[in-house]
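For reference, the structure discussed in these notes is given below.
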Amino acid sequence: MISFDILTKEIIEMLIKNELLDILVKKELLNEAIREISISEEEESDIRKMIYEKEKITDDLQFNEWLEKNNTNKEDFFINISKPLRLNKYCLNEFSKKTESRFLAKKDMLGTVTYNLIRVKDFFQAQELYLRIQEEPLTFGTLAKEYSLGPEKDTQGLVGPVPLNQGHPGLLRELRNSKIGEIVQPLKIEDFWVIIRLESRLEAKLDKNMQLILSKEMFDEHLNKRTKEEIIALKTKYKLN
């Protein structure tokens, strides 16, 4: 069980002053969580092959020299480089059984969409472009390249695939409610008037990748909660605001 008793009042005050206490506590809690998670010989071999290819290493002797040059040893190296893999294992071990209920609750927000977008500052210009596209749908890309004021200008208005839980709520609401191929009338999104057309929608599935995403999401929530609890305990212990 992790203990922060080693931190004195003076050290905690310094960490708070430099906005480092949250980071330290969170990292220690994460390291503690995955401490007992190991990687298989096959996974270690895959990591070794990746390093050999990246660093142009041909044998174990060169690998040991490379480790020494980078001020580490084999054990510490594999512990550090395997953290993301071990974290994935931990999250699945602890939370994968809870992913189905979360998936069902969030399914509508977990899909992806691809859409066309034009954004301009002036409503009347937006209305004119909308009418032109209504008459000639194939001109959407050409008009986006010529008139749109965002990065979609470089892709002829094409955006995505993007998750339905990322982006402006108003825009996402329209995309969720749109039919494929439907051109939405000019919509005010912050400082722009936008015209959108849904190209495709991919429904989310509870596959292995989605299980991992949701498991890591739940772990992040758990980790943030534990971090806050530990910080409150430390501040209470030393009567810090």
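Assorted remarks:
- Charge tally around Leu175: other residues with Cβ under 11 Å, Lys/Arg +1 each, Asp/Glu -1 each, net +2.
- With at most 14 other Cβ atoms within 10 Å, longest stretch of the chain clear of loop trypsin sites (Lys or Arg not before Pro) (DSSP): 57-120
- Extended-chain gain in nm, criterion 0.36 nm per residue less alpha-carbon gap, Leu131 and Thr114: 3.9 nm
- ³J(HN,Hα), Karplus 6.51/-1.76/1.60, whole Hz, each residue of the range 140-153, x for Gly, Pro: 3, x, 5, 5, 5, 4, 7, 10, 5, 9, x, x, 4, 4
- Expressed as a whole percent, the accessible surface of the chain that belongs to carbon and sulfur atoms is 51, based on a 1.4 Å probe.
- Pairs of Cα atoms farther than 22 Å apart, the range 1-120, %: 62 percent
- In order through the range 76-89: 3J(HN,Hα) via Karplus (6.51 cos²θ - 1.76 cosθ + 1.60), integer Hz, x for Gly, Pro: 5, 4, 6, 5, 6, 6, 8, 4, x, 5, 5, 5, 4, 4
- Cβ-Cβ FRET estimate between Asp122 and Ile232, R0 fixed at 45 Å, reported to 0.05: 0.30
- GNM result for the chain, Cα springs below 10 Å: residue of Ser148, Ser96, Ser40 fluctuating most strongly: Ser40
- Between the labelled values (i) 72, 44, 35; (ii) 69, 57, 36; (iii) 45, 38, 36, the entry that holds Cα extents along the principal axes in Å as derived from this structure is (ii).
- Listed residue pairs exceeding 27 Å between alpha carbons, taken from Lys27/Lys98; Lys107/Lys145; Lys27/Lys239: Lys107/Lys145
- Computed from phi, the 3J(HN,Hα) profile of the range 219-225 under the Karplus parametrisation 6.51, -1.76, 1.60 (θ = phi - 60°) reads 5, 4, 5, 4, 5, 5, 5 Hz, with x in place of Gly and Pro.
The values are calculated or read from the model by the stated rules, or taken from the named source; none is laboratory data. All figures in this text were calculated on a predicted structure; none of them were measured in a lab. All Cβ positions, glycine included, derive from the backbone under ideal geometry; neighbour counts span all protein chains shown. The accessibility values were calculated without ligands, DNA or RNA, using every heavy atom of the protein model including side chains. Shrake-Rupley method; radii C 1.70, N 1.55, O 1.52, S 1.80 Å.
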